[in-house]
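**Q** Handing you a structure now.
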Amino acid sequence: MNALPWVSPFLERVHEEYSKSPPAHKEVQVTQGDLLYIFKTATEDDPFDTNGLKKDSASAIGSDRAVVLKSVCSLGEILVVSFKESPLKPQWNTWWRAVRLLSPKKPVRILIFGHPQGRIAPPPPQRIGPAHVNGGMAMRCDPQTIILYRKEEVTRVLLHELLHASCSDPYHKETPQIEADTEAWAEMLLCAMAAKGQQQGWVRHMREQIDWAVKQTSALQTAYKVYSPKDYAWRYLIGRLDVWRALGLQVPWPTQQKKILRSLRFTVCEPADK
């Protein structure tokens, strides 16, 4: 991995970020306008939130089962809905570092519905769809529209949506390829942040991540027959392998396995909040 020409400049940018203190930020009181925005967003149609996680989160606020937290910074603002029975502890330092890495010039507005429902595979042969894998959405080139649904893997999803919002999408590709490309880079960046930009740590995290993704692909292909971009799960869970191979990373080919998936969690690493 170290010999690939793009690795050093990629990691150098992350290392530079972690050589500095995290962006200055502070927790502030949630306003009535913030609550109105949360409830309005929760009721908007969303083809990716087919479980209604946003609405359930808003309902939890109204019934005092969840609290709303807010952090502001020169880079924008982040709102977090945290369920009392399964609290989402904000990773403010990590999230603001992610913003500074990917949206340093355009202020962000990020709303995190920290719903405790994880990514659980349906029993085969039921198809895997948005309800089982999606964790957020953002409008292309608009960092004011970043919405996250789940507590699980919130940092990875934030990186994914920040990439969309920062105009990184390869416009010449179809949606499945765009999502695969975005997800592959989000996971590489997550591993880089976990390693604070150090090559040795990044290589170790990426090897673990690639191994996890290959095993997940094997199970998806065996139990759910996910092989092509026509299958919804491909764009997030299998297409990333093709992107990594195209970048020169060593990615083993999946083999058939009998084990049935339960968790559809994408990643196995998490940056420390420093």
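Just so you know, all these numbers are worked out from the coordinates, no wet-lab data involved. Source: prediction; values computed, not measured. Using ideal geometry, Cβ is built from the backbone for each residue, glycine included, and neighbour counts are taken over all protein chains shown.
**Q** Confirm whether Cys191 is at positive phi, in contact (Cβ under 8 Å) with a residue 12 or more places away in the chain and not aliphatic (A, V, I, L, M). Talk me through it step by step, then tell me what you get.
**A** Working: at positive phi: no; in contact (Cβ under 8 Å) with a residue 12 or more places away in the chain: yes; not aliphatic (A, V, I, L, M): yes.
It is false that Cys191 is at positive phi, in contact (Cβ under 8 Å) with a residue 12 or more places away in the chain and not aliphatic (A, V, I, L, M).
**Q** Does Ile238 meet the test of being over 25 Å from Gln91 (Cα atoms), touching a helix residue (DSSP H, G or I) at 6+ places or on another chain (Cβ under 6 Å) and buried (at least 16 other Cβ atoms within 10 Å of the Cβ)?
**A** Details: over 25 Å from Gln91 (Cα atoms): yes; touching a helix residue (DSSP H, G or I) at 6+ places or on another chain (Cβ under 6 Å): yes; buried (at least 16 other Cβ atoms within 10 Å of the Cβ): yes.
Considered against the rule, which asks whether it is over 25 Å from Gln91 (Cα atoms), touching a helix residue (DSSP H, G or I) at 6+ places or on another chain (Cβ under 6 Å) and buried (at least 16 other Cβ atoms within 10 Å of the Cβ), Ile238 comes out as yes.
**Q** Return yes when Tyr232 is surrounded by fewer than 20 Cβ atoms within 10 Å (Cβ to Cβ) and under 20 Å from the mean Cα position of the chain (by Cα) and no when it is not. Before you say what the answer is, go through the steps one by one.
**A** Details: surrounded by fewer than 20 Cβ atoms within 10 Å (Cβ to Cβ): yes; under 20 Å from the mean Cα position of the chain (by Cα): yes.
Criteria met by Tyr232.
**Q** Another question, then. If only one of Lys106, Lys55 is touching a residue at least 12 places away in the same chain (Cβ under 8 Å), in a loop (DSSP other than H, G, I, E, B), out of contact with any Leu (no Cβ under 6 Å at 6 or more places or on another chain) and of a type in the set (D, E, K, R), which one is it? Can you show your working first?
**A** Details: Lys55 fails: in a loop (DSSP other than H, G, I, E, B).
None of the others qualify; the one that does is Lys106.
**Q** For region 1-51, which residues satisfy the criterion of being in contact (Cβ under 8 Å) with a residue 24 or more places away in the chain, in a helix (DSSP H, G or I) and under 17 Å from Leu79 (Cβ atoms)?
**A** Asp34, Leu35, Tyr37, Ile38, Thr41, Ala42
**Q** State yes or no: is Gln257 without any contact (Cβ under 8 Å) to a residue 60 or more places away in the chain, in contact with a helix residue (DSSP H, G or I) (Cβ under 8 Å, 6 or more places away or on another chain) and part of a loop (DSSP other than H, G, I, E, B)? Spell out how you get there, then give the answer.
**A** Values: without any contact (Cβ under 8 Å) to a residue 60 or more places away in the chain: yes; in contact with a helix residue (DSSP H, G or I) (Cβ under 8 Å, 6 or more places away or on another chain): yes; part of a loop (DSSP other than H, G, I, E, B): yes.
Here the answer is yes, as Gln257 does meet what is asked.
**Q** Something else now. Can you find a residue that is over 21 Å from Tyr18 (Cβ atoms), small (Gly, Ala, Ser), surrounded by fewer than 21 Cβ atoms within 10 Å (Cβ to Cβ) and in contact (Cβ under 8 Å) with a residue 24 or more places away in the chain anywhere in region 122-135? Working first, answer last.
**A** Looking only at region 122-135, we keep the residues that are over 21 Å from Tyr18 (Cβ atoms), and these are 122-135.
Restricting the remaining residues to those that are small (Gly, Ala, Ser) gives 129, 131, 135.
Add one more test, that the residue is surrounded by fewer than 21 Cβ atoms within 10 Å (Cβ to Cβ), and what stays is 129, 131.
The next check asks that each one be in contact (Cβ under 8 Å) with a residue 24 or more places away in the chain; those that pass are 129, 131.
Yes: one or more hits.
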